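Laboratory data are not the source of any read-out in this text; all were calculated from the coordinates shown. These numbers come from a predicted model, not from an experiment. Methodologically, a virtual Cβ is constructed for each residue, glycine included, from the backbone with ideal geometry; neighbour enumeration extends over all protein chains shown.
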Amino acid sequence: MEEKKEIKILAIESSCDETAAAVVKNGREVLSNVISSQIALHTLYGGVVPEIASRKHIEKINYVIQEALEQAEVTLQDLDAVAVTYGPGLVGALLVGVAEAKAVSYAAKLPLIGVHHIEGHISANYIEHKDLEPPFLCLVVSGGHTHLVAVRDYGVYEIIGRTRDDAAGEAFDKVARAIGLGYPGGPKIDKVSADGNPDAIHFPRAKVEDAPYDFSFSGVKSAVLNYLNGCRMKGEAIVQADVAASFQKAVCDVLVSHALAAVKDYGIPKLALAGGVASNSTLRLMMQKACEAQKTAFYHPSPILCTDNGAMIGAAAYYEYQKGVRHGLDLNAVPNLKLGER
């Protein structure tokens, strides 16, 4: 039997506050990528409210999928599989996507593939970098995760470094709130930092003893809060842009130094960025320069593919599909799913 040359997958992502669907061909060609964001809604509350996110997913998901199919100019009968994020994430939000994917799978008689959210972020790099193949190292930086991952093969991961406390994105959100920027913190700190002096204030760069690739960001977050309190107690002016730029540089210094140390130690001269914080302009520039100096190939997705989206889930699902991974209608949301678990 001749192997089918074109595999089209409908991919659904609803792990947090984006309702997204995409149609992806052969893991690397995006036929459509539709995202319904809830940022404006959650900004009112200073962060994501899980119950509201879940309700909005229920309202939007059918429309988002329909639009993804229309933009890709395909019907359900043209598809080879349906994929969905089943963890990690907010349990209520995940359940909406998983239930929808199971309904589509059952009704259209399509194979069902559950995808790990972080695996999706890593796989976003395959979409824009057609030459990228494992093995490579990937720094995953988002609101909930800061992982340094050795990608041994498609779907084969070894976590060599992780955060011991706050994820980088979480620290960005907390510091943004403290200096009066509000939510979402990452993009706002990135923007304000452009007008600040990154060397105005020295904030600490944490190292974890006996774990050279692990991260810790609670210390730098506390240092910013202590600096702000100290200024207020002494009646000193707080220059918002300087605080933001100095904090951002401290975080990026740690991310870059740990990642490049792993590249050297593991002897894998290919480094990719992934996750929401991977769209940070300072991090991208610093990583680019460090990789050039160390003769390391550097990969990163466009900002739209760094945030949560369906295309990255479709990319990851393709390689799972090729390996024969299939899930039954008993697939459930796993909010604390570990990378590499099935």
- Nearest-20 debye value, the range 196-317 charge dipole, Cβ charges on Lys, Arg, Asp, Glu: 160 debye
- Query: How large is ³J(HN,Hα) for each residue in the range 248-264, as worked out from phi by the Karplus curve 6.51 cos²θ - 1.76 cosθ + 1.60 (θ = phi - 60°), to whole Hz, x for Gly and Pro?
  - Reply: 4, 5, 4, 5, 5, 4, 5, 4, 5, 5, 5, 5, 6, 5, 5, 4, 5
- Rounded to the nearest 0.05, what FRET efficiency do Q322 and T43 give with R0 = 45 Å and r taken as the Cβ-Cβ distance? Could you check? 0.65
- Query: So how far apart, in nm, are the two label points at E70 and K191 if each is 7 Å from Cα heading toward Cβ?
  - Reply: 3.0 nm
- Note on the structure: Counting only DSSP beta bridges fully inside the range 133-300, the antiparallel percentage to nearest 5 is 60 percent
- Task: Any chance you could give the angle, 0 to 90 degrees and rounded to 10, that helix 168-178 forms with the longest Cα principal axis of the chain?
- Result: 50 degrees
- Under 14 Å, Cβ to Cβ, from K289 - net charge with Lys/Arg +1 and Asp/Glu -1: +1
- Task: Report the net charge of residues surrounding A194, where surrounding means a beta-carbon distance below 13 angstrom and charges are Lys +1, Arg +1, Asp -1, Glu -1.
- Result: 0
- Query: For the range 144-161, what does the Karplus curve 6.51 cos²θ - 1.76 cosθ + 1.60, with θ = phi - 60°, yield as ³J(HN,Hα) per residue in whole Hz, taken in order and with x for Gly and Pro?
  - Reply: x, 9, 9, 10, 10, 10, 8, 8, 6, 7, 4, x, 10, 10, 10, 7, 9, x
- Amide proton proximity set for G161, modelled H, under 5 Å, gap of 5+: L148
- Loop-located trypsin sites (Lys or Arg not before Pro) in the range 258-317 whose Cβ has at most 15 other Cβ within 10 Å (DSSP): K295
- Query: Most exposed first by the Cβ proxy, i.e. fewest other Cβ within 10 Å, how do S32, S105 rank?
  - Reply: S32, S105
- Query: Listing E59, E128 from the residue with the fewest other Cβ atoms within 10 Å to the one with the most, what is the order?
  - Reply: E59, E128
- Note on the structure: Most exposed first, judged by fewest Cβ atoms within 10 angstrom, K207, K5, K249 run K5, K207, K249
- Task: Per DSSP H run of at least 4 residues, take -39500 (n - 2.57); add these up for the chain, divide by its residues and hand me the 222 nm value, nearest 500 deg cm²/dmol.
- Result: -14500 deg cm²/dmol
- How far is helix 310-322 tilted, in degrees, relative to the longest principal axis of the Cα atoms in the chain, given as a value from 0 to 90 rounded to the nearest 10? 50 degrees
- Query: What residue among F203, L271, N336 has its Cα farthest toward the positive end of the dipole of the chain, where the charges are +1 on Lys, Arg and -1 on Asp, Glu, each on the Cβ?
  - Reply: F203
- Message: With a 10 Å cut-off between alpha carbons and a GNM built on the chain, which of A101, A171, A72 moves the most?
- Response: A72
- Do any trypsin sites (Lys or Arg not before Pro) in the range 160-195 lie in a loop, going by DSSP, with at most 16 other beta-carbon atoms within 10 Å of their beta carbon, and if so which? R164
- Query: Could you give the nm distance between label points at N62 and D78, where each point is 7 Å from its Cα heading toward the beta carbon?
  - Reply: 2.2 nm
- Note on the structure: Bridge orientation stat for the range 20-119 from DSSP, antiparallel percent rounded to 5, came to 55 percent
- Taking Lys and Arg as +1 and Asp and Glu as -1, residues besides G47 with C-beta under 12 Å from its C-beta add up to -1
- Message: What are the ³J(HN,Hα) couplings of the range 106-117, residue after residue, when phi is run through the Karplus curve with 6.51, -1.76, 1.60 and θ = phi - 60°? Round to Hz, x for glycine and proline.
- Response: 5, 5, 9, 6, 10, x, 10, 10, x, 10, 6, 4
- Message: Can you list residues from other chains, or at least 5 along the same chain, whose modelled amide H is less than 5 Å from the amide H of Y299?
- Response: L271, A272, L273
- Note on the structure: Of all DSSP beta bridges having both residues in the chain, the percent classed as antiparallel (nearest 5) is 60 percent
